[in-house]
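So the structure is just underneath, and the comments pick up after that.
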Protein chains: 2
Amino acid sequence: MPDINPTRLMGDLNHLRSIGAFKSGVHRPTYSADDMTARHWFAGRMREAGLDVMIDGIGNVIGLAAATGPRIMTGSHLESQNHAGWLDGPLGMVYALEAVRAITEAGGSGAVAIDVGAFADEEGHFGSLVGSRSFVGDVEEAEIDVARDMTRGTPMRDALAAAGLAGKARFTPDLSHYRAYLEAHIEQGDWLEAQRLSLGVVTSIVAIWQYRIVADGVQNHAGTTRMAIRKDAGAALMRLATTLHDAFPAVAGERAVWTIGRIVLEPGQVSIIPGRAEMVFQMRSDDTDRLSRMEQCLTEHVAAADLGGPCRVRLEPMRKGVPATMDTGIQAAFESAAQRHAPGRHVRMPSGAIHDAQSFARHMPSGMLFVPSIGGISHHWTEDTSVDDIVLGARVFTDAVALVAAGLA
Amino acid sequence: MPDINPTRLMGDLNHLRSIGAFKSGVHRPTYSADDMTARHWFAGRMREAGLDVMIDGIGNVIGLAAATGPRIMTGSHLESQNHAGWLDGPLGMVYALEAVRAITEAGGSGAVAIDVGAFADEEGHFGSLVGSRSFVGDVEEAEIDVARDMTRGTPMRDALAAAGLAGKARFTPDLSHYRAYLEAHIEQGDWLEAQRLSLGVVTSIVAIWQYRIVADGVQNHAGTTRMAIRKDAGAALMRLATTLHDAFPAVAGERAVWTIGRIVLEPGQVSIIPGRAEMVFQMRSDDTDRLSRMEQCLTEHVAAADLGGPCRVRLEPMRKGVPATMDTGIQAAFESAAQRHAPGRHVRMPSGAIHDAQSFARHMPSGMLFVPSIGGISHHWTEDTSVDDIVLGARVFTDAVALVAAGLA
């Protein structure tokens, strides 16, 4: 089997960490100067590995192998959330590059082409997985026309122009050549760490179902309006939120999650009874039947809140995704490689976060490998993984790519 | 007894309604161009009524009567909340002016001086009752130096300069001459309307006790963090809010009120578990013992939330006012006048809103009269009172001023 070079691997990861460094993490939002520096540097490293490299019109950095047989795509993303961690994205990119280098050094993969792709904006500054969806042909120009940076408000077209990408074509290959997509990523949760495991073989990527819950009451003076006649939209939503937090454990099971990350009271002033309030309820599971039962529970509680008064309460669906199932063959390859390098220290698990692999899973067999996140922390500059786990993950990822390539040969 | 002129009264009120008109209400924030237009116009009307008028360095419009005996101050305010109603403030101003005119026409008040004052910024764009507190000597220059417009952020000094008031002295009279302060105002609640009454004799003005409640949890990814290990600061505060709404009726009695008008989750993003949350809990009562019992209840529930985990929860007092008691002699004058004009259609009641009268009550006998607010609505452009109630209120207010003056003669 191929053997990776841990010094080269950590060297590349640490170099990426130095571009847009923020405390012990990085700040490389999509199409920022630091993000583009990272893309161009990584393109150079891909060329040194023998790949034919382009940065296309959406910022995808695509390295194509010379082989003309069945193709495997490997990769992840290079940009970061704002002021976030150093491994979310880059870990999978350097694993993919190191796999190509190690397999080439071990004699190559024959007619099977092992490509590497850094897919733009997995972190969703401008939308949802727009780079990987572009690659598989699922993005229309109109989507890019209207997209804006969620933090800064910059139109995506302006950001692409500033990054030197205006007018460049997006690369959308004939997908019939592609037989597999493999991606590695930090777990971003504490499931592996809590069980003292080092590797997670992803079985599926959760779907996100998301709702806006709106309460309409009556805005009034907080001093002169008797309690008995108030229609406080804020109180109504906070009561509903608590009821939902109490009811959901019974329907969510062990792995499904739900979150209220945002609530807005209007007008939001200390001496005014809120006349309107709005919150976003998000739930995630890899099991559509479970999501349907959770939605049923949500619908019933919202209806009860509306019926109970004194405010009107309504539920507005915002997003209802489909879980992505990872290919069983690729899962088996990851598991076999994990068992070779870390017997008994791996587990099959769903992914609670979304990843580029779900864009690919709609079009080709896809799989993902997780390494532990210390303390379960991600999207924060303290995000980290032990060097031992990073190196182990690279070995397992490289073996799995080699196994899948061998299966296609 | 003196007799008011309803046409003159309604004419003045409707003229004020035309300055900074917004829908059927007005938009006259303190020191805005429209607010200053209203002040100068009203100063002219005061002069026509025989008063010696100044606009002082804080924008108070003060009309002094020529008499040199014991003094009575009557008044309210001219500015409005943003995009608010036409009567909140101006009603009391025109009542005071009409009382002076009617009493003068009926032969005057002898040696007793009946002054009229429009006190700046009762609506609190820059602080709390700064105009009336300035008049009674309770404002230092340093308070004005640091005050800013809560909506626009403009420093108060800049707003005063733009209004042409920079460098003018604030008028702070020898209060020993003043024996009474009388103010009329719309109720801003539905207490009178709900009982089909036309007049409220205010017994006291509530104190506001206000607290910041802060929850500290752990910010994390809303997809990858298991429910079992979450420390969701938003969920913690919403649960506490609901517990407080359930517990407070037992301690608040019939008239005390409590409000959560503001809650902020951090970072407030739909896919991130809130790591910190903050809400403002406000309570109002005219009974300090009751406020103490409510605070005890609040403290116990916050402590229980903190102890119960998983988030730390703490209570930070922001404001702890003192209720203002209205003078029993002035209450009797209002009640006697009310009984004369509207037998059985008046009631004694506390004020749930704050008013300039509480600045005066610290220094002299003070009293207030309420007229009904249709639907209990105020601080909104739909705020209104029937013409019958407006005219009746003016008759009662004028009679009461005459009664108090007679008592001082």
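The values are calculated or read from the model by the stated rules, or taken from the named source; none is laboratory data. These numbers were taken from a predicted model, which means no experiment stands behind them. All Cβ positions, glycine included, derive from the backbone under ideal geometry; neighbour counts span all protein chains shown. Accessible surface areas use protein heavy atoms only, side chains included; no ligands, DNA or RNA. Shrake-Rupley method; radii C 1.70, N 1.55, O 1.52, S 1.80 Å.
Here is the figure for region A:351-373: residues that are within 19 Å of A:Ala332 (Cα to Cα) and either of a type in the set (S, T, N, Q) or at pLDDT below 95 (or both) total 3.
For the structure I just gave you, tell me whether B:Ala113 is farther than 13 Å from B:Thr30 by Cα and free of Cβ contacts under 8 Å to residues at least 24 places away in the same chain. Here the answer is no, as B:Ala113 does not meet what is asked.
Considering each of B:Ser132, B:Ser176 in turn, give the residue that is touching an Asp or Glu at 6+ places or on another chain (Cβ under 8 Å), among the hydroxyl-bearing types (Ser, Thr, Tyr) and either more than 10 Å from chain A (Cβ to nearest Cβ) or open to solvent by 10 Å² or more (accessible area, probe 1.4 Å) (or both). The match here is B:Ser132.
Filter region B:224-239 down to residues that are assigned to a helix (DSSP H, G or I) and facing chain A (nearest Cβ under 7 Å) and give me whichever is most open to solvent (accessible area, probe 1.4 Å). Here the residue is B:Arg239. Residues that are at the interface with chain B (Cβ under 8 Å from one of its Cβ atoms) and either on the phi > 0 side of the Ramachandran plot or in contact (Cβ under 8 Å) with a residue 40 or more places away in the chain (or both): does region A:159-170 have at least one? No, that holds for no residue. Every listed requirement among (1) farther than 30 Å from A:Asp388 by Cβ; (2) buried (at least 16 other Cβ atoms within 10 Å of the Cβ); (3) not acidic (Asp, Glu) is met by A:Thr74 save one, (1). Of the conditions (1) small (Gly, Ala, Ser); (2) open to solvent by less than 20 Å² (accessible area, probe 1.4 Å); (3) in contact with a strand residue (DSSP E or B) (Cβ under 6 Å, 6 or more places away or on another chain), A:Gly57 fails just one. Which one is it? Only one criterion in (1) small (Gly, Ala, Ser); (2) open to solvent by less than 20 Å² (accessible area, probe 1.4 Å); (3) in contact with a strand residue (DSSP E or B) (Cβ under 6 Å, 6 or more places away or on another chain) is unmet by A:Gly57, namely (3). Taking the numbered list (1) assigned to a helix (DSSP H, G or I); (2) open to solvent by 80 Å² or more (accessible area, probe 1.4 Å) in turn, A:Val322 passes all entries but (1). Checking the structure you have, find out if any residue of region B:194-203 is within 14 Å of chain A (Cβ to nearest Cβ), modelled with pLDDT of 95 or more and either closer than 30 Å to A:Ala256 by Cβ or open to solvent by less than 10 Å² (accessible area, probe 1.4 Å) (or both). Yes. Listed by first and then second residue, the pairs linking a residue in region B:344-369 that is touching a residue at least 12 places away in the same chain (Cβ under 8 Å) and open to solvent by less than 10 Å² (accessible area, probe 1.4 Å) to a residue that is assigned to a loop (DSSP other than H, G, I, E, B) and aromatic (Phe, Trp, Tyr), with Cβ atoms under 7 Å apart and 6 or more places separating them unless they lie on different chains, are B:Asp356/B:Phe119. Screening the candidates B:Tyr31, B:Tyr95 for the property of being outside any strand (DSSP E or B) and open to solvent by 10 Å² or more (accessible area, probe 1.4 Å) yields one hit, B:Tyr31. Hey, any hits in region B:372-384 for a residue that's on the phi > 0 side of the Ramachandran plot and assigned to a loop (DSSP other than H, G, I, E, B)? Checked region B:372-384: at least one residue is on the phi > 0 side of the Ramachandran plot and assigned to a loop (DSSP other than H, G, I, E, B).
Of everything in region B:240-267 that is among the hydroxyl-bearing types (Ser, Thr, Tyr) and not in a strand (DSSP E or B), the residue that is most open to solvent (accessible area, probe 1.4 Å) is B:Thr243.
Here A:Gly217 meets each of (1) open to solvent by 20 Å² or more (accessible area, probe 1.4 Å); (2) within 9 Å of chain B (Cβ to nearest Cβ); (3) closer than 21 Å to B:Met283 by Cβ with one exception, condition (2).
Of A:Gly75, A:Gly59, A:Gly50, A:Gly108, all but one fail to be assigned to a strand (DSSP E or B) and at pLDDT 95 or above; the exception is A:Gly75. When region A:335-354 is filtered for residues that are more than 14 Å from chain B (Cβ to nearest Cβ) and either of a type in the set (S, T, N, Q) or over 29 Å from B:Ile272 (Cβ atoms) (or both), the ones remaining, listed by number, are A:Glu335, A:Ser336, A:Ala337, A:Ala338, A:Gln339, A:Arg340, A:His341, A:Ala342, A:Pro343, A:Gly344, A:Arg345. For region A:386-409, a residue qualifies if it is among the hydroxyl-bearing types (Ser, Thr, Tyr) and surrounded by fewer than 22 Cβ atoms within 10 Å (Cβ to Cβ), and exactly one does: A:Ser386.
B:Ser373 meets each of the listed conditions (1) within 18 Å of the chain's Cα centre (by Cα); (2) more than 14 Å from every other protein chain (Cβ to nearest Cβ); (3) of a type in the set (Ser, Thr, Tyr) apart from (2).
Scanning region B:240-297 for residues that are at positive phi and facing another protein chain (nearest Cβ under 7 Å) returns a single hit, B:Gly268.
Out of curiosity, is B:Asp327 within 24 Å of B:Ala99 (Cα to Cα), away from chain A (no Cβ under 14 Å) and acidic (Asp, Glu)? Considered against the rule, which asks whether it is within 24 Å of B:Ala99 (Cα to Cα), away from chain A (no Cβ under 14 Å) and acidic (Asp, Glu), B:Asp327 comes out as yes.
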